[in-house]
Structure formats: structure tokens, C-alpha cells
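Structure first, then comments.
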Amino acid sequence: MNLFLQSLLLLLLSNPLADQAIFHEFHLSKSLVEYNASEKAIQVSMHIFLDDLEEALRKQGKDQLHICTTKESAEAETYLEAYIRDHFKMIVNGQAVEFNFLGKEPSEDYQAAWCYIEVEGVETLKDIEIRNDLLMEIFDDQKNVVQLIGPNKKRGVLLLQKGRTKEKVSF
């Protein structure tokens, strides 16, 4: 290895921000919001990077949660659910709805958590407004992508970010 490459590698590895700079240089969550007509429910799965989620909860005074690890704190899921309730809201057919938090699991690479929520009792879906400001209080460049699958498999995609944290879609 030549001297330039050795120096560059040493510089990158000695940088305290190297992990973020190399492996996590953008801030993104993704969600799938799907209307299940046969179950009369809106089912949501969210993919949120664990380091970002831990940082958001740490800023709220909830430290050492170790979400989705063998060392997970007993309160971790309670704090996670509360955080999602504060930062992800839906208005269905003009009415604010509450969701059931179904649980979470680690992604295959253990870098993120998949979180699952559901709104039951949705006879028909005419329109939905989604507010998703997950992690935006932590990262100015946070983007939250929401993929929608509505009645008759009608699809859409929303890109939510600071200054534009909610959108309404009609079916």
C-alpha cells in the first residue's frame, strides 16, 4: 500500500466522526403505509436506523436503551412507542386516529429497527394525511420516505422533510 493510501486510511480511522461519515452520511427513514381492505386496517412498517433512534431518545433523557440487542433495557420498547406516537400521526377520512403499536425487530444487518403499527376499524379509505417528523429534531437533513398502498393497490410515495412534514393523499 502506498504512503498516500496509508495516510488516508489512518486519517479516516482516527476521525471520531468516521463511523458516521463513512457508513451513515445521510439520515433517512422509510415507511410503508398499506390499506388492507379485507382486515379493514391500515398497516404500517417503519425502518429507522438504530443509532439515530438511540440519539433521539438520548436527547429526551432516555440513555443506554440498546434497542434490538441482547442488552435492551426493559423500558426501551415503551420509550420507542412513545417516540413514534409523538412523531408519526395519521388522519384518516378527516378523523385523527390512534394506532396499535405491534412491536419491533432488528433489520437483517442490525443497523435499523423495523417497527410495526396498525389502525383497525377502517371500513373504507378515502383519504389519509400523514405527519412524519421522525428524527427531524435531531438532524436538519433528515428525510422520511413514506410509500403508500391504498384501495385497489393504488400507490404513491411521499418525501417528508423539515418544512414539509405532512401530506394528504386522496384515493
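A short reminder: the numbers here are calculations on the coordinates, not readings from a lab. Not measured: the values here are computed from a predicted model. Cβ placement follows ideal geometry from the backbone for every residue including glycine, while neighbour counts extend to all protein chains displayed.
Some points to look at:
- Computed about its Cα centre, the charge dipole of the range 41-171 is approximately 660 debye, with only Lys, Arg, Asp and Glu carrying charge at their Cβ.
- The gain in end-to-end length when the His47 to Glu123 segment is fully stretched comes to 24.7 nm, 0.36 nm per residue minus the alpha carbon separation.
- If you run the Gaussian network model on the chain, springs between alpha carbon atoms under 10 Å, then out of Ser38, Ser107, Ser73 the most flexible one is Ser38.
- Distance between the modelled labels on Asn36 and Glu105, one decimal in nanometres: 1.3 nm (7 Å Cα→Cβ projection).
- Prolate/oblate/rounded call for the chain, Cα gyration tensor, a/c under 1.5 rounded: prolate
- Shape category assigned to the range 106-171 from the gyration tensor of Cα positions, a/c cut at 1.5: oblate
- A dipole drawn for the chain from +1 and -1 charges on Cβ atoms has a positive end, and of Gln161, Ile67, Leu134 the residue lying farthest that way is Gln161.
- Excluding same-chain neighbours fewer than eight residues apart, the lysines reachable from Lys143 by a Cα-Cα span under 28 Å are Lys30, Lys59, Lys62, Lys89, Lys104, Lys126, Lys153, Lys154, Lys162, Lys166, Lys168.
- A full extension of the chain between His66 and Thr78 corresponds to an added length of 3.0 nm, given 0.36 nm per residue minus the alpha carbon distance.
- Amide N proximity, the range 75-105 versus Lys168 label position 7 Å along Cα-to-Cβ, cut-off under 11 Å: 91-95
- The helix-only estimate of mean residue ellipticity at 222 nm for the chain, built from DSSP H runs of length n ≥ 4 each weighted as -39500 (n - 2.57), is -7000 deg cm²/dmol after division by the residue total.
- A simple rule links phi to the HN-Hα coupling: the Karplus curve 6.51 cos²θ - 1.76 cosθ + 1.60 with θ = phi - 60°, which for the range 64-70 gives 6, 7, 6, 4, 6, 10, 6 Hz, with x for Gly and Pro.
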